[in-house]
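Every number in this text was worked out from the coordinates using simple rules, so none of it is lab data. Just so we're clear, the structure is a prediction, and the values are computed from it rather than from any experiment. Note that each Cβ is placed from the backbone with ideal geometry, even for glycine, and that neighbours are counted across all protein chains shown.
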Amino acid sequence: MNQDGTGNLTGYAYGANIGWVNFEQTYGQPKVDLFTGKLSGSVYSANCGWISLSNAVAFVQTDSIQKALLARNGLPGAWLRQHFGTTNVDPNADSDGDGVSNANEYLAGTDPNNAASVLKITSITRTAPNSALVWNAVNTRFYTVQTNAALADGAWGDYQSQNFLGWSSAAFADTNPTNQFYRIRAYRPLIP
């Protein structure tokens, strides 16, 4: 079974008692909520018919989504083939010269061959004691706003997270009204 990065499920799974189960998007539209792990929609088995993955009182849930098969360099082989046509890629290299390694491009969900595709804060508005941030997001990642009062100590802390994909802005009250540094951390949902 596969999920497309936004939670839509396709492909087949096998159960000894029910046989092959078809996860298809035309009628059943099975989906996994990438924050909670809850499944919705329906799947089909020739031996059982349509199987509902959720209703008003019950649901199926997963705790994690397994990482894709990894190449020897630690990056998913499918992602490497999609972006480079090969799995023989240095994860520490910066293929597009944007200052972000190939490994970090994968984590951020950005294109490692396009220097304009980079996770960055695009707008900061500060009206003490409040701040608002906007960044360029993709719909396959969750984001956390991290703050630090002094760059020299390197102690970044998670300030605010959201539980929906593609979250791209935040407004909040500053804890340090004089100095505050921000960064955005992207993370893949439900991957251990």
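Among rounded, prolate and oblate, which fits region 65-116 when a ≥ b ≥ c are the square roots of the eigenvalues of its C-alpha gyration tensor, a/c under 1.5 means rounded, and a/b larger than b/c means prolate?
Values: a/c = 1.83, a/b = 1.55, b/c = 1.18.
Because a/c hits 1.5 or more and a/b exceeds b/c, region 65-116 counts as prolate.
Which order do Asp90, Asp96 fall in if you start with the one that has the fewest other Cβ atoms within 10 Å? Please report the intermediate quantities before stating the final value.
Numbers: Asp90 12, Asp96 18.
Exposure proxy ranking, most exposed first: Asp90, Asp96.
Once you wrap a convex hull around the alpha carbon atoms of region 2-52, what is its projected area averaged over all directions, in nm²? List each step's numbers first, then the result.
Values: hull surface 13.7 nm².
Averaged projected area of region 2-52's Cα convex hull equals 3.4 nm².
To the nearest 20 debye, what is the magnitude of the charge dipole of the chain about its Cα centre, counting +1 on the Cβ of each Lys and Arg and -1 on the Cβ of each Asp and Glu?
Roughly 240 debye, rounded to the nearest 20.
Using modelled backbone amide H atoms (1.01 Å from N, in-plane), which distant-in-sequence or interchain residues come within less than 5 Å of Ser42's amide H?
The list, which skips near neighbours in sequence, is Gln29, Leu53.
Give the relative contact order (percent, whole number) for the chain; include only Cα pairs under 8 Å separated by 6+ residues. Mind dumping the intermediate values first?
On the way: 375 pairs, mean separation 28.3, N = 192.
RCO, the chain: 15 percent.
Please sort by residue number the chymotrypsin sites (Phe, Trp or Tyr not before Pro) in region 1-76 whose DSSP state is loop and whose Cβ has at most 12 other Cβ atoms within 10 Å.
Details: sites: Tyr12, Tyr14, Trp20, Phe23, Tyr27, Phe35, Tyr44, Trp50, Phe59; in loops: Tyr27, Phe35.
Filter output for region 1-76: Tyr27.
Taking the chain as a Gaussian network, where each spring joins two C-alpha atoms under 10 Å apart, which residue of Ala152, Ala56, Ala173 fluctuates the most?
Its mean-square fluctuation being the largest, the pick is Ala56.
Distance between the C-alpha centers of region 23-39 and region 51-110? Whole Å please.
19
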